[in-house]
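The structure appears below as structure tokens.
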Amino acid sequence: MHALTPARLRDAYEEALKFDHPLTSHITTDQFSRSYPRTPEWVVGPFQRDDALTFRQASEWPDPADIGWRNGFVFNPSILNADGELHLFYRASPRKESMSSRIGHAVYTRSAGWIDDPANPVVISTFDNEGLSVEDPKVYRRHDGLYVMFYNGIWATDGADELTRYPSPGYPLDEVGCDIMVATSADLQSWTKHGLAVPYEISRGWAKGAVIPRSPRGDAVRVGGEYIMYLSEGCNGTMTVGRSTDLLTWEFRAEPYLDLTAWGGSLFEVATAVVRDDDSDIVLDFFYNDADGQFAAGQARYSRRDPFRQRELNKGGALAWGGFAEWDGALYFAQGWDAPEGSRELYFYRETDAHA
């Protein structure tokens, strides 16, 4: 793996400025979350935009790498309600869905509205396997009050010894690898990095997901006395789950927890897992390729007594990558996909009552 240098960070930034993918660059939130064909009681959503909570990054951040980095787009956030404040952790990139990303933090109060953290960016590339980007935070509150963030570290695969030692024939990698990284905080402001959450003997150079059952309060929900994690990309093409007692140290095994055969589709990535209350089942919200080859969202229902065997499937979902949060008596998620390029806006979506 290449050493992290200012020159490599600068190269990644210059490539990001040119990024324009014909599919992901034009993806929108409403195409997934605004309406579902069916809305049984257990599903989460549909959702409608609530402009009262719109976030906008009003000013440029300092550039710790001193490479001329500027932000043009914010998206794929995690939101959490803590002590009556709404905390937003978001991916900031030069272009929509580009790399060379950093992670920011903002806080909403009813009296002051949104305040962007003056310490931003709160997570930047500092490890060699973060040379291309740090992305897509997922934040959980542990049972003892510690906050745990999982995020993606992106790195260039050319000449990487890791791929020689841990080849991935079942999930071939292209030019980049993706690691799930972990950091902790006692106050949601200062973060300590702990490195890899998923070792290379499991990830084989690519792992995505770090989806842990989470309550709308932001608490990681223990299942059978343990925390569980759904991985959904990479791992040599093998669907994989993890178990942990502390959210930091994990044991992984292969487990085919989601079957889309009945739909004729294939899974891209699990976005989030929600447990509404103490008596609720687990609902996975996921991104998939449908039978017509189109991007789509779905949800799957699991019992907490059997968290890896799906009970029901339903088409339609929010793709709330960082989870849902309760605010003003309703369930919300956030996303920036529909913002104009360069606006650095991010919108909030409130659950409707359309269940049947």
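A few remarks follow.
- Backbone phi angles across region 95-111, fed through the Karplus curve with coefficients 6.51, -1.76 and 1.60 (θ = phi - 60°), yield HN-Hα couplings of 9, 4, 6, 7, 7, 6, 8, 9, 10, x, 9, 9, 10, 10, 10, 5, 7 Hz in residue order; Gly and Pro are listed as x.
- Close amide H contacts of residue 330 (hydrogens built in the peptide plane, cut-off under 5 Å, sequence separation of 5 or more or a different chain): none are found.
- Per-residue 3J(HN,Hα) values for region 322-337, derived from phi via the Karplus relation 6.51 cos²θ - 1.76 cosθ + 1.60 with θ = phi - 60°, read x, x, 9, 9, 7, 8, 6, x, 9, 9, 10, 9, 10, 6, x, 4 Hz in sequence order (x marks Gly and Pro).
- Shape class of the chain from the Cα gyration tensor (axes a ≥ b ≥ c, square roots of the eigenvalues): rounded, since a/c falls below 1.5.
- With DNA, RNA and ligands ignored, accessible area of residue 97 (1.4 Å probe; Å², nearest 10): 40 Å²
- GNM remark for the chain: springs join alpha carbons under 10 Å apart, and the peak mean-square fluctuation among 98, 185, 111 falls on 111.
- Residue-averaged [θ]222 nm for the chain, counting only DSSP H segments that reach four residues, each worth -39500 (n - 2.57): -1500 deg cm²/dmol
- Taking every protein chain into account, the 1.4 Å probe leaves residue 235 with about 10 Å² of accessible area, to the nearest ten.
- Across region 1-89, Cα-Cα pairs farther apart than 18 Å form 68% of the total.
- Surface share of carbon and sulfur [accessible, 1.4 angstrom probe, percent] for region 185-281: 44 percent
- Each peptide in 170-176, 298-304, 311-317, 268-274 gets a packing score, the mean of other Cβ atoms within 10 Å over its residues, and the list from highest to lowest is 268-274, 298-304, 311-317, 170-176.
- Computed from the Cβ-Cβ distance with R0 of 30 Å, the FRET efficiency linking residue 184 to residue 353 stands at 0.20.
- GNM top mover of 140, 288, 230 - the chain, alpha-carbon springs below 10 Å: 288
- Here region 287-356 yields Rg over Rh of 1.03, to two decimals, using C-alpha coordinates and the Kirkwood radius.
- Between residue 338 and residue 259, residue separation times 0.36 nm minus the direct Cα-Cα distance comes to 25.4 nm.
- Lys pairs, the chain - Cα-Cα below 23 angstrom, 8 or more residues apart or on other chains: 7
- Since only 2, 213, 152 are under comparison, the one whose Cα sits farthest along the positive direction of the charge dipole of the chain, derived from C-beta charges on Lys, Arg, Asp and Glu, is 213.
- GNM top mover of 248, 231, 80 - the chain, alpha-carbon springs below 10 Å: 248
- Net lengthening on full extension, residue 175/residue 279 (0.36 nm per residue, minus Cα-Cα): 33.0 nm
The values are calculated or read from the model by the stated rules, or taken from the named source; none is laboratory data. Fair warning: this is a prediction, and the values are worked out from it, not measured in the lab. Glycine also receives a Cβ, built like all others from the backbone with ideal geometry; neighbour counts cover every protein chain displayed. When the accessible area is computed, the model is the full protein with side chains, heavy atoms only, and any ligands, DNA or RNA have been set aside. Shrake-Rupley method; radii C 1.70, N 1.55, O 1.52, S 1.80 Å.
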